[in-house]
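Participant: I have a structure I would like to understand better, so I am pasting it below and will then ask my questions one at a time.
The values are calculated or read from the model by the stated rules, or taken from the named source; none is laboratory data. No experiment lies behind these values; they were computed from the predicted model shown. Note: ideal-geometry Cβ built from the backbone for every residue, glycine included; neighbour counts use all protein chains shown.
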Amino acid sequence: MRSEGAVPSHSRVWRVLGWCLPALLGFSAFLLAFPIDRRIPFWPHLSLAEVFGVWFLLVSPVTTMVAIVMFARPRKLFPSLRKWLLVAAVTVSVLLNLFVLLGLYAAAAF
């Protein structure tokens, strides 16, 4: 019998993956939005590259950090397969975020 405050690890797995989704879905949108130097019609002084820059500079790192904190919280140990899935999701989120930010920086600087 579980206490009221206990959360099963299955629910925690989905929460961690949910917090990794902004980075993963943002990267998918980034790949589908090329060429990204286009202007946004209803906001003419802003380009898609700037929107993605803001997304991967402000939103994606914060949500990935929340996922890391939720993963690192010492409640129960995850089963081995779930643990490696979460490690892979968080790692991919961090790497995609860095990849996009470095790519946008290189495109703007060079």
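Participant: Which ones in region 21-36 are without any contact (Cβ under 8 Å) to a residue 60 or more places away in the chain and in a helix (DSSP H, G or I)? Talk me through it step by step, then tell me what you get.
Facilitator: Just the residues of region 21-36 that are without any contact (Cβ under 8 Å) to a residue 60 or more places away in the chain, to begin with: 21-22, 25, 28-29, 31-36.
Of everything in region 21-36, those that are without any contact (Cβ under 8 Å) to a residue 60 or more places away in the chain and in a helix (DSSP H, G or I) turn out to be Leu21, Pro22, Leu25, Ser28, Ala29, Leu31, Leu32.
Participant: Hey, among the residues in region 37-83 that are of a type in the set (A, V, I, L, M, F, W, C) and in a loop (DSSP other than H, G, I, E, B), which one's modelled with the highest pLDDT?
Facilitator: Phe42
Participant: From the list Ser80, Ser93, pick out the single residue that is surrounded by fewer than 16 Cβ atoms within 10 Å (Cβ to Cβ) and of a type in the set (S, T, N, Q). Please lay out each step first, then the result.
Facilitator: Values: Ser93 fails: surrounded by fewer than 16 Cβ atoms within 10 Å (Cβ to Cβ).
Within the list Ser80, Ser93, the selection yields Ser80.
Participant: Does region 86-100 contain any residue that is closer than 16 Å to Val13 by Cβ and touching a Lys or Arg at 6+ places or on another chain (Cβ under 8 Å)?
Facilitator: Within region 86-100 (the criterion being closer than 16 Å to Val13 by Cβ and touching a Lys or Arg at 6+ places or on another chain (Cβ under 8 Å)), the answer is no, since none of the residues qualifies.
Participant: Tell me, yes or no, whether region 84-107 has at least one residue that is at pLDDT below 85 and in a helix (DSSP H, G or I). Let's see the steps before the verdict.
Facilitator: Residues of region 84-107 that are at pLDDT below 85, as a first pass: none.
No, region 84-107 contains no residue that is at pLDDT below 85 and in a helix (DSSP H, G or I).
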